[in-house]
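Reviewing the structure listed below.
Only the coordinates and a few stated rules stand behind these numbers; no lab work does. Keep in mind the model is a prediction, meaning the values are calculated, not measured. Virtual Cβ from ideal backbone geometry, glycine too; neighbours counted across all protein chains shown.
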Amino acid sequence: MEINVVADWFVNEPKAWNEDLLRLHLYEFEVREILRIPLCATDECDNLVWNPTRDRCYTVKSGYHFIRSQKEIKKGSGASSEGRGLWSRIWKLELPPKIKNFIWRVCKGALPCGINVQKCVVEADPTCQRCLRDIESEVHALVGCPFAQEVWEVASMDDELFEAGGGGRMVNTVDFILKRLQHDEVCRFMVVLWACWNGRNKAYHSDEQVEPQVVLEKAMSFWHSWRVVHCAW
Ligand SMILES: [Zn+2]
């Protein structure tokens, strides 16, 4: 069989990588890496996208911010001390512990969004079940999905915060926000992230129609109530 394009590596019913063909032509470690790449379950046309912007279109500005954020992440004495530094900054925030734990899981890439579930359950469909437009990564679930975008809009949060943080990876964004914003703004940003995830879970696990405004208000109210009890004003 002649292989000219990537699609020649697929079997179509159901759409999946043709593992036998891959193993025939490639080394095992290459096959393992390729099988980790999720395939879109729907018949969309291929197109080029740039993850660090919400609309997936490249801009010179977002390219600059992305490269700069990558350099900042690489600075320091190593991944583990960097991780400890990030965690200690998250832990100092005046936020309920469950929101801080959520932020840490976001940074570690440990949310059970579609793409992460597929890493454990290969046959799981990683497509976002709310919009059916894209693979559900952390970035998609918390920022890129139309529902999440509405939450950010209702919260009147600056779009550029996400892109300026090198939005391709949530850990870059969180790191950027922690360094650049004042404490209260940081907390508000994290609560909005949490609200996006809550809204996503409600939509996934119940038939209840959830409004971005309601999801945001509940999250903010939970945060404010917690602060009244736990923080000195
Ligand atoms: Zn979506």
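With the Cα gyration tensor of segment 47-230 giving a ≥ b ≥ c as the square roots of its eigenvalues, does the rule (a/c under 1.5 for rounded; else a/b larger than b/c for prolate; else oblate) give rounded, prolate or oblate? The shape class here is rounded.
Tell me what the chain gives for mean residue ellipticity at 222 nm when only DSSP H runs of n ≥ 4 count, each as -39,500 (n - 2.57), the sum divided by the residue total, rounded to 500 deg cm²/dmol.
Details: 11 runs with 130 residues, N = 233.
Computed ellipticity for the chain at 222 nm equals -17000 deg cm²/dmol.
What order do you get for LEU48, LEU142 when you list them from fewest to most C-beta neighbours inside 10 Å? Write out the running numbers ahead of the final one.
Working: LEU48 7, LEU142 25.
Starting with the residue having the fewest Cβ neighbours, the order is LEU48, LEU142.
Annotation: amide H-H contacts under 5 Å for ILE135 (H modelled 1.01 Å from N, sequence separation of 5 or more, or interchain): CYS128. Here the residues MET190, MET157, ranked from fewest to most Cβ neighbours within 10 Å of their Cβ, fall in the order MET157, MET190.
Could you please report the charge total around GLN213, scoring K, R as +1 and D, E as -1 over all other residues with beta-carbon less than 11 angstrom from its beta-carbon?
Details: positive: LYS218; negative: GLU150, GLU153, GLU211, GLU217.
Overall, the nearby charge balance is -3.
Ordered by the count of other Cβ atoms within 10 Å of each Cβ, fewest first, ARG23, ARG68, ARG169 give ARG23, ARG68, ARG169.
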